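Okay, structure first, notes after.
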Amino acid sequence: MDTENPEKFMRLAIEVARKSKTPFGAVIVKDNQVVERAGNTVQPDNDPTCHAEVNAIRRLTQRVGSAAPSGLYTLYSTCEPCTMCAATCFWAGISDIVYGVGANDFSDSNPNMIGIRCEEVFKRSPSDDYSIQSGLLLDECKQLHQDFPLE
């Protein structure tokens, strides 16, 4: 896991989210270097799969030419990866995930969320080599939801 400066990487994910005018930003790091970043483009692309995490993974896999790039990658996400994004991380070989705000950090639950947490996806996978950390820059990530409320 890239732990040299996790706050720096999460701040970059927050910046990416702000640029996309959504609460969702993702950064992929390898060897303490940012290798990809992306925001959520579900609305402008009219594509429900264009979550920030999936967009960043798509860019990475297209650039390296492999659906499961070799090497150790860490995903920093402003929000807990949903079921789709967590499964995409697994299939892409990204097993280290750091996120800011989680599903349990809000008093009101999102009716559009599937009730399977990111960690549960990895627990059900055949891998036991994963690391998931939550709450990094929690307040700043929560602020994104106030600044860019979901419709």
Extending each Cα 7 Å along its Cβ direction at ILE114 and LEU138, get the distance between those two points in nm, one decimal.
2.7 nm
Give me the 1.4 Å probe accessible area per residue for the chain, excluding ligands and nucleic acids, in Å².
54 Å²
Accessible area of the range 2-151 belonging to carbon and sulfur atoms, whole % at 1.4 Å probe
48 percent
5 Å is the cut-off here: which amide hydrogens, built 1.01 Å from N in the peptide plane, fall below it relative to ILE97, excluding neighbours closer than 5 in sequence?
LEU75, SER131, ILE132, GLN133
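Could you sort the peptides 142-148, 7-13, 35-41 by per-residue average Cβ neighbour count (10 Å cutoff), highest mean leading?
Values: 142-148: 15.7, 7-13: 20.1, 35-41: 21.9.
Descending packing order for the listed peptides: 35-41, 7-13, 142-148.
Per DSSP helix of 4 or more residues, -39500 (n - 2.57); summed, then divided by the residues of the chain. What does that give at 222 nm, rounded to the nearest 500? All intermediate terms of the calculation are to be shown ahead of the outcome.
Details: 6 runs with 58 residues, N = 151.
The helix contribution divided over the chain gives -11000 deg cm²/dmol.
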Would you kindly derive the ³J(HN,Hα) couplings of the range 115-120 from the backbone phi angles with the Karplus curve 6.51 cos²θ - 1.76 cosθ + 1.60 (θ = phi - 60°), listing them in order in whole Hz, with x for Gly and Pro?
x, 10, 6, 3, 4, 5
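Per the Kirkwood definition applied to all pairs of different Cα atoms, how many angstroms is the hydrodynamic radius of the range 22-93?
It works out to 12.1 Å.
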Normalised per residue, the volume of the convex hull around the Cα set of the range 1-141 (Å³)
104 Å³
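The values are calculated or read from the model by the stated rules, or taken from the named source; none is laboratory data. Note that the coordinates shown come from a computational prediction; the quantities given were computed from them, not determined experimentally. No Cβ is skipped: glycine too gets one built from the backbone with ideal geometry, and neighbour counts run over all protein chains shown. The accessibility values were calculated without ligands, DNA or RNA, using every heavy atom of the protein model including side chains. Shrake-Rupley method; radii C 1.70, N 1.55, O 1.52, S 1.80 Å.
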